[in-house]
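Single-structure report; data block below.
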């Protein structure tokens, strides 16, 4: 899990977050120009054919950005009662094409995706980082397939960039676990840590740790005793297949910050007409 991020790009994107947050909210009810899937199709996919005909919500988009040969942007839907419905990224089909394939083994290519300021008002999330791993990463035989890491960060981009290399001098910051209850009890830490990212925790009961091929999984990230990101990890093959995945992930008992909405499910799906790809978190609960 080497880091290859361009610091100038990170600074520029940090500025983009600030500038975009100051703009007037872009919000329209069930506007197909904002989200390619219709409201009915989106909720059908996520909650078992639950009708949205009488439910009202607004969609708030982050800025459109280049990824591969296509585009990516973040978005969040929020009900008129102030409850987040779904948060994630929308990728054009060509965003999965033209990605670097010559990075050194173990390296990754990073895309920082700003969130609309509304996301921070109803969720703990500040921004999203998409990491493309053309060779996968350790451990061998588990996560060594080409895949994406979708980090939903609870800390600012500036804070993220201060996370140092894992060395004997900094190991205690990475290895300090959150207080009991702030991670699902079943999760275990991956040794070491990643600069400008943090320490990763995995679920040993996930299918890829039970002899099944890795297709998607859910990771938590920590640093200096705090949970700092939620991470669906998804293979390129699964995204390209257009297969839909809607899975709950293990939950903690304690949350920081409190009194905001946290997701309990991650989703992967495709619009069969536009071939737009979606990776999202949903089924929010006030914690």
Consider segment 194-218. How many of its residues are on the phi < 0 side of the Ramachandran plot, in contact with a strand residue (DSSP E or B) (Cβ under 9 Å, 6 or more places away or on another chain) and not in a strand (DSSP E or B)?
10
Residues of segment 154-179 being closer than 19 Å to residue 88 by Cβ and touching a helix residue (DSSP H, G or I) at 6+ places or on another chain (Cβ under 6 Å), in sequence order, are 157
For segment 262-273, check the following and say yes or no: at least one residue is in contact with a helix residue (DSSP H, G or I) (Cβ under 7 Å, 6 or more places away or on another chain) and in a loop (DSSP other than H, G, I, E, B).
no
Among the residues in segment 233-243, are any farther than 22 Å from residue 70 by Cα and either touching a residue at least 40 places away in the same chain (Cβ under 8 Å) or in a strand (DSSP E or B) (or both)?
no
Do we have residue 112 as surrounded by 20 or more Cβ atoms within 10 Å (Cβ to Cβ), in contact with a helix residue (DSSP H, G or I) (Cβ under 9 Å, 6 or more places away or on another chain) and over 28 Å from residue 224 (Cβ atoms) here?
no
Tell me the residue from 100, 138, 134 that is surrounded by fewer than 16 Cβ atoms within 10 Å (Cβ to Cβ), closer than 15 Å to residue 233 by Cβ and in contact (Cβ under 8 Å) with a residue 24 or more places away in the chain, please.
138
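Every number in this text was worked out from the coordinates using simple rules, so none of it is lab data. Computed from a predicted model, the values in this text were never measured in an experiment. No Cβ is skipped: glycine too gets one built from the backbone with ideal geometry, and neighbour counts run over all protein chains shown.
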